[in-house]
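Structure first, then comments.
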Amino acid sequence: MMKELPPQYNPKETEDKIYELWEKSGYFSPDNLPSDTKPYPPSPKPFCIIMPPPNANGALHVGHALFVTLQDIMIRHKRMRGFKTLWLPGADHAGFETQVVYNKKLEREGHSLWGIPHDKLYKEILDFTLKNKSRMESQIRKLGASCDWSREKFTLDEDIKAVVYDTFEMLYKDGLIYRAERPVNWCVKHQTTLSDLEIKYEEREDKLYFVKYEIPEMRSYIEVATTRPETIPADIAIAVNPKSKWKKFIGKTAVNPMTQIDLAIVSDTRVDLSFGTGALKITPHHDALDFEIYETHKKEIVSKPVSVINQFGKLMGAGTLGGLKVKEAREKAALILRPNFAKEPEPYKHQVSVCYKCGTIIEPRVLAQWFIKMTEKPKSGGKSLRDLAVDAVKQKKVKFVTKKFEKIFLHWMKNLRDWNISRQIVWGIPIPAWFHEPKCIPRKGYEKDIVKCREYIISGTKPVCEFCDAQFVQDTDVFDTWFSSGQWPYATLMTTSNKKDFGAFYPTDIMETGWDILFFWVARMIMLGLYRTGKVPFKTIYLHGLVRDKDRQKMSKSKGNVIDPLGVSELYGTDALRMALVAGNAAGNDPVISEEKIKGYRNFANKIWNVSRFVLMKTGDEISKGKISLTAKDKKGLKELANIKKSVTKDIEAYKFHLAAEKLYHYFWHTFADKIIEESKSRLEKGGKEAESATYMLRTILEGSLKMLHPFMPFVTEEIWQKLYGGKKMLMVEKW
RNA sequence: GGGCACUUAGCUCAGUGGUAGAGCGUCUCGCUUACAUCGAGAAGGUCGUGGGUUCGAUCCCCUCAGUGCCCACCA
């Protein structure tokens, strides 16, 4: 009766219906797994993946489809093997990224976010984010993700924020968080500081100027090479390498050619002898190295550091340069300084730092920001954040599926510098620091206590001053998003409605994400996870690459080669998309995908459909077990199935999903369909014992294959299973 | 300036210490009642170069060449 299958598999009629069936069953949650899925030894064991929360600022792209597929394969496989399986979904407000996306949207409409009052802007972006979030959730469903929606978390959930605040406070008490005026990366367009990871380098062709700084007492001069003559008004010293020809001037005083102030000449080995002239002008507020040299020689340098470039990248308090943009000011400064040139400027190619989002040149500025110490030990004892992570990786407490990323990781960790976690944007989690404003004027009787009053207090809630009536005002800066998302594995498991989750599922088993966020996210999760919980956040890290088109090109809207996963899923079915994303793509490499490839797997889905159709038509509904005596050939066929199962299981356990997928494809199509089924046809015609044996064999291989294919192609396999068992059983929770 | 990879069939990529694999593409047949989103068959590679280890290397080691990526406060 159920043999009336159409000759073609129609994903459109299947997928939504099947997903609803799964979701309603409750089996996505580890709490509701059916009692008859007996755990395999050495179970009962939990298996947990925390989904990397997608940025809720746009539609899902093919990279999201890739991670959904890979993670769903692991989850479904483990679930079928009887593990207590949790895949916890989430969404990221993605602070800076989302604010940039939102601003672009406004710019397209002819506006911008500058000038919109803080609270109004926050609400607008919140609406925008929540809309995207709900669209994303339905798209993740469309891709077949068997995640537990009842445990979904959002990075702006109050309980998540509370965990983040706790961590901040712990770090602060441990002396690992400090506020300091230090050179930071400032994006003139976005009006915020950025971490060192959020800048990239671009080669630019500039000029190298050689400027003479007079030393009246010696009737001589020092020659300094610089690409930034416009910052000379902020020069307050000159540093020379003690081995350079300028060493005789160490301790003397030069004159700033633009401001005429005195410049101490100090000795510092950080001045590169092989570059320029061996002498360096010191402009602490506009160059990071200069700042460090200034810090070292503070006592020798009489002048105080000044800023001559403002937040908009314009000169200020710099005499006739005032009001000019950096580039214009540079030209004008060159003109003014011409009499002081030691020689003609030379063309000079170098790397300049730019904002990773907009490509605007980063302006180093000295601002008060919150930093995390990466390499110092906490006051409460134990290792530095860096050492925690490095040691855990070296001791294989976190295993990298692809070795090369372990090397890249360790190399990066070597050169870690303190992490600036404050951002001057609207869209983010406010830093829980409160400033005393105005300054403390003690009430009567508390005058002596003014020394105890602090400039700021770290607190999740508004503090009250013990000594005066002034109000505390919360810091207007927000966290770098990665500070909060870096806590995602424990923050989520600590705040689900099931209070046992953290104990049951932490550390999680595997983190699967793109290698492009190895430093941004993975490294931070390992460090913060170990710091906060004493345990690694995940035992294994699997990193996938960037999806490319059939010519190995990056996908971009301007190239017109973008593959929209939802569109593909509509056209060819989600199963086809999933297979195309997995097959032929080893871990850590950039996956290649094309429409032809997807079509190929659409055909495969149809093959599965038709094989099932054939088996159903020829063999009837039930397989009578027990009395059948199998022919030698059929026994061999079943043995082959068992071998394939062994090998596929091994591949999946070793994260070689591409191998498993290809083996299944090849076996199902070219062994089962082309050979076994073809050979069985005449025997089925004959009837009798031969036919009985063949029937049993075909049905067994079909079911075994469907089970193995299910993690990869969940929809078509489940749909067929529903037909096979008339809706009485669910493949998703069948025993592997 | 440091570091990490890659170089296998026309294209995109797997893979293994023991006579080379897939998908797509190409060619030749076939509308055979599971499937033309199909079937049968075929062509196509000295596995980048030069050495070494080994009974034997595409796979291990070294050299060179080319390609890609990451990191980096040479003003």
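The values are calculated or read from the model by the stated rules, or taken from the named source; none is laboratory data. Remember, it's a predicted structure, so these values are computed and weren't measured experimentally. With ideal geometry, Cβ positions are generated from the backbone for all residues, glycine too; neighbour counts draw on all protein chains shown. In case anyone asks, the SASA skips ligands and DNA or RNA and just uses the protein heavy atoms, side chains included. Shrake-Rupley method; radii C 1.70, N 1.55, O 1.52, S 1.80 Å.
Accessible surface area normalised per residue over chain A is 45 Å², counting heavy atoms of protein chains with a 1.4 Å rolling probe.
Three principal axis extents describe the C-alpha atoms of segment A:108-229; from largest down they are 79, 46, 34 Å. Under a 5 Å amide H cut-off, with hydrogens placed 1.01 Å from N, A:Ile215 pairs with A:Ser220, A:Tyr221, A:Ile222 among residues at least 5 apart or on other chains. For segment A:175-234 versus segment A:375-390, the inter-centroid distance based on Cα atoms is 32 Å. Please name which of A:Cys440, A:Ile336, A:Leu33 has its Cα lying farthest along the dipole of chain A towards the positive end, using unit charges on Cβ (Lys, Arg +1; Asp, Glu -1) and the Cα centre as origin. Of the listed residues, the answer is A:Leu33. Normalised by 2.2 N^0.38 Å, where N is the number of residues, the C-alpha radius of gyration of segment A:254-331 stands at 1.17. Around the amide H of A:Ala279, modelled in the peptide plane, lie the amide H atoms of A:Ala225, all under 5 Å away and 5 or more residues distant in sequence or on another chain.
Its DSSP H runs of at least 4 residues, each contributing -39,500 (n - 2.57), put the calculated 222 nm mean residue ellipticity of chain A at -12000 deg cm²/dmol, to the nearest 500. Ordered from longest to shortest, the equivalent ellipsoid semi-axes for segment A:484-537 are 20, 11, 10 Å, each the square root of 5 times a Cα gyration tensor eigenvalue. If you wrap the tightest convex hull around every Cα atom of segment A:652-736 and split its volume per residue, you get 105 Å³.
With the gyration tensor restricted to C-alpha atoms of chain A, the semi-axes of the equivalent ellipsoid amount to 62, 29, 23 Å, longest first. With N the number of residues in segment A:456-576, Rg(Cα) / (2.2 N^0.38 Å) evaluates to 1.57. Note on segment A:264-360: with neighbouring protein chains present and a 1.4 Å probe, carbon and sulfur make up 54 percent of its accessible heavy-atom surface. Across the alpha-carbon set of segment A:332-438, the Rg to Rh ratio works out to 1.13, Rh being the Kirkwood radius.
If the Kirkwood radius is taken over C-alpha pairs of segment A:204-324, then at 25 °C and 0.890 mPa s the Stokes-Einstein diffusion coefficient equals 170 µm²/s. Size estimate for segment A:256-385 follows the Kirkwood approach: the inverse of mean 1/r over distinct Cα pairs works out to 17.7 Å.
Using the eigenvalues of the Cα gyration tensor, what equivalent ellipsoid semi-axes result for segment A:584-736 when each is taken as the square root of five times the eigenvalue, whole Å, largest first?
Value: 28, 16, 15 Å, ordered largest first.
Taking θ as phi - 60° and the Karplus parameters 6.51, -1.76 and 1.60, the scalar couplings of segment A:515-529 work out to 5, 5, 10, 4, 7, 3, 10, 4, 4, 5, 4, 5, 5, 5, x Hz in sequence order, x denoting glycine and proline. A convex hull fitted to the Cα coordinates of segment A:401-512 yields 189 cubic angstrom per residue. Taking one quarter of the surface of the convex hull spanned by the alpha-carbon atoms of segment A:94-133 gives a direction-averaged projected area of 2.7 nm².
Over segment A:169-264, the ratio between the Cα radius of gyration and 2.2 N^0.38 Å evaluates to 1.51.
Taking 18 Å as the straight-line reach from the Cα of A:Lys104, the lysines in range (excluding those fewer than 8 positions away in the same chain) are A:Lys120, A:Lys123, A:Lys131, A:Lys189, A:Lys357, A:Lys557.
Taken about its Cα centre, chain A carries a charge dipole of roughly 2060 debye when the Cβ of each Lys and Arg holds +1 and the Cβ of each Asp and Glu holds -1. Comparing A:Leu86, A:Val522, A:Ile628 along the charge dipole axis of chain A, the residue lying farthest to the positive side is A:Ile628, per the Cβ-charge model.
Using DSSP, restrict attention to beta bridges with both residues in chain A and report what percent are antiparallel, rounded to the nearest 5. Roughly 70 percent of the DSSP beta bridges within chain A come out antiparallel. For the residues A:Asp119, A:Asp31, A:Asp575, a 1.4 Å probe over the protein chains yields an accessible-area ranking, largest first, of A:Asp119, A:Asp31, A:Asp575.
Compute the whole-percent fraction of alpha carbon pairs in segment A:286-350 spaced more than 18 Å apart.
55 percent
Taking amide hydrogens as placed 1.01 Å from N in the peptide plane, the amide H of A:Val592 sits under 5 Å from those of A:Arg548, each at least 5 positions away in sequence or on another chain. Remark on segment A:629-679: Rg and Dmax equal 12.2, 38 Å (Cα only).
Considering all different alpha carbon pairs of segment A:45-154, the Kirkwood hydrodynamic radius works out to 15.3 Å. What is the percent carbon and sulfur in the accessible area of segment A:177-237, measuring with a 1.4 Å probe over the protein chains and ignoring ligands? The nonpolar share, carbon plus sulfur, comes to 42 percent. For segment A:401-550, the antiparallel share of DSSP beta bridges with both residues in that region comes to about 60%.
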